[in-house]
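The values are calculated or read from the model by the stated rules, or taken from the named source; none is laboratory data. Note that this is a predicted model, so its numbers are computed, not measured. Every residue, glycine as well, gets a Cβ built from its backbone with ideal geometry; the counts of neighbours run over all protein chains shown.
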Number of protein chains: 2
Amino acid sequence: MAAPKYTDKQTRIARYAKALGNPARIAIMEFLAQQETCFFGEIHEKLPIAKATASQHLKELKDAGLIQGEIIPPKVKYCINKEHWKEAKALFGKFFGQCICKEDNCCKE
Amino acid sequence: MAAPKYTDKQTRIARYAKALGNPARIAIMEFLAQQETCFFGEIHEKLPIAKATASQHLKELKDAGLIQGEIIPPKVKYCINKEHWKEAKALFGKFFGQCICKEDNCCKE
DNA sequence: ATTATTGTTCGTATTTTTGCGAACAATTTT
DNA sequence: AAAATTGTTCGCAAAAATACGAACAATAAT
């Protein structure tokens, strides 16, 4: 180990990025983000995947903190976790704002 | 398949997110983004990983389009791919800007 | 010519991810 | 009580990601 471990911020942004690193999960997040309030219903009907697979993706988004779900049988209420959404937004914002290249083609001389 | 396939944008943002979904790759990107110009040198020395592993991560970032490398023996020149960086920045910007929840706690009533 | 430098590729092993159907749990409807 | 609805969990399989050391290639330095 020639260098220090990763920072907390690096770990957290990587965690969020990983959770978003699948088109099905992007689609789920986009869908939920466009709901005015929480969503009750069958999310897998909005996606080209099986019920079990959708449930798994939802679990991963939940584990990453991007969404939250509450069981209100026979349905489940899914929502964006606004607090973590904002944190992720800030982290990615900083991440993409940090490039100090002076010109667009600074890397092509 | 109960719904249409994913859109191009969904696929692309997921691709970028996946590439960023590892702390080592976040660290590499942050490091490169903070260079004024391109970097010649041993990136694995900046990270707590082996040479071979660093090389693999660099390859993945390259495949995802986030960086570019040019061989100038005995070293390699690594740079942010500014064009794709900007695309990713825009995609994530839109993604995180789309939540229409009206209040921070709209999902907690 | 030999050695040192720099980074990739190969071979390998382990773990994680992805996806599905079937079975299950909890409630609502009939 | 039986059937329908909704979503999770289980068991499985296939694919991809993660990480490493060792071997290799290509040039530069001695």
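Every residue, every condition in (1) in contact with a Leu (Cβ under 7 Å, 6 or more places away or on another chain); (2) facing another protein chain (nearest Cβ under 9 Å); (3) within 21 Å of A:LYS94 (Cα to Cα); (4) within 13 Å of DNA strand C (Cβ to nearest atom), yes or no:
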residue	(1), (2), (3), (4)
B:TYR6	no, yes, no, yes
B:ALA27	yes, yes, yes, no
B:THR37	no, yes, yes, no
B:HIS57	no, no, no, yes
B:PHE96	no, yes, yes, no
task = Identify all residues within the range B:59-76 that are within 13 Å of another protein chain (Cβ to nearest Cβ), near DNA strand D (Cβ under 9 Å from one of its atoms) and among the hydrophobic types (A, V, I, L, M, F, W, C); write none if there are none.
result = B:ILE72
query = So is A:PHE96 at pLDDT below 85 and buried (at least 17 other Cβ atoms within 10 Å of the Cβ) or not?
reply = no
